[in-house]
1. Residue by residue through the stretch 213-223, which ³J(HN,Hα) values in whole Hz follow from phi under the Karplus form 6.51 cos²θ - 1.76 cosθ + 1.60 (θ = phi - 60°), with glycine and proline marked x?
2. I want the local charge near Ala21. Using Cβ-Cβ distances under 11 Å, sum +1 for each Lys or Arg and -1 for each Asp or Glu among the other residues.
3. Sorted by accessible area (1.4 Å probe), largest first, how do Thr100, Thr36, Thr93 line up?
4. With point charges of +1 on the Cβ of Lys and Arg and -1 on the Cβ of Asp and Glu, referenced to the Cα centre of the chain, which listed residue (Ser139, Phe201, Gly49) lies farthest in the positive direction of the dipole?
5. With +1 on each Lys and Arg Cβ and -1 on each Asp and Glu Cβ, and nothing else charged, work out how big the dipole of the stretch 72-178 is about its Cα centre, in Debye to the nearest 20.
6. For the stretch 1-56 and the stretch 78-142, write down the distance between their C-alpha centroids in whole Å.
7. Along the charge dipole of the chain, which of Val122, Val70, Asn111 sits closest to the positive end, that is, farthest toward it, with unit charges on the beta carbon of Lys, Arg, Asp and Glu (+1, +1, -1, -1)?
8. Using Cα atoms only, what is the angle between the long axis of helix 101-129 and the major principal axis of the chain, expressed in degrees (0 to 90) to the nearest 10?
Amino acid sequence: MADLTGKVAIITGAARGQGAAEARLFAERGAKVVLTDLLETEGTATAKGIGDAARFVRHDVSSAEDWAAVVETARREFGGVDVLVNNAGILWTKPLLEETAEGLDKILKVNLFGTFHGIQAVAPIMRAAGGGSIVNISSLAGLQGIPGHAAYGSSKWAIRGLTKTAALELGEYGIRVNSVHPGAVNTPMIGNRFTSGAGNFPSVPLRRVGESEDIGDLVVFLASDESSWITGSEFVIDGGSMAGIVPPVQG
């Protein structure tokens with residue numbers, strides 16, 4: 001089990017779902033965690049449930065000013081920033097010819113610009129400390145085209161490219177930057193519409209959708225010193241979906 005003792009992490013979109021699971025796992029492995037989200041009631045409750053190792057900050061990830069306040073909270077409360085998990089994101093599906101410029105702009109501001117501002121906000125404090133780990137949550141939609149995902153997919157492909165550029169530019173300072181590409185995960189962002197459990201999702205080789213903790217375990221590893229020679233990489237975690245076409249179940 002990866003050890004995060006002594007590390008301080010910022011996790012965005014952590015009021016519920018995948019971000020909340022990551023925050024709980026980080027604290028269990030010894031980290032101090034600053035949870036951020038626009039969902040103030042849920043975020044406060046999640047941080048309270050974690051205990052003294054957590055703080056919640058209401059945070060619009062598309063705002064550089066908000067990012068400065070989040071980093072200052074981490075520095076003031078816990079002494080610095082060792083890890084950033086750019087988890088916050090929004091999603092909807094719409095055919096390309098029905099998508100609007102306004103819709104594309106809205107999704108890019110959160111998914112892409114939120115990640116961009118986050119990297120810029122934490123890099124100076126990480127550089128001064130001698131290093132750190134940044135984990136950007138992308139998607140399978142950042143690795144392949146998916147109908148109805150023109151806006152969302154564009155943002156997630158962009159995160160993939162930004163990750164690689166950041167890894168190249170920040171590596172000399174000991175700052176590692178990687179991207180995680182989940183498949184179908186049962187979270188509030190998609191309305192918890194999947195039925196969990198093995199055998200209930202035959203289009204996935206492992207026959208189930210992911211749970212938030214599945215992604216959290218990978219993120220913990222990438223945040224830890226156990227991944228100290230990994231940067232600029234993309235990690236697919238999808239139950240095997242990207243491996244190819246699953247043959248029909250024989251009845």
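The values are calculated or read from the model by the stated rules, or taken from the named source; none is laboratory data. Quick caveat, the model's predicted, so the values are computed rather than measured. Positions of Cβ are backbone-derived with ideal geometry, glycine not excepted, and every protein chain shown enters the neighbour counts. Accessible surface is based on the protein model in full, side chains and every heavy atom, while ligands, DNA and RNA are left aside. Shrake-Rupley method; radii C 1.70, N 1.55, O 1.52, S 1.80 Å.
1. Once rounded to whole Hz, the list reads 5, 4, 6, x, 4, 5, 5, 4, 4, 5, 7.
2. Result for the neighbourhood of Ala21: -4.
3. Thr93, Thr100, Thr36
4. Phe201
5. Dipole about the Cα centre, nearest 20: 160 debye.
6. Using only Cα atoms, the two centres lie 17 Å from each other.
7. Of the candidates, Asn111 comes out farthest on the positive side.
8. Between helix and principal axis, roughly 40 degrees.
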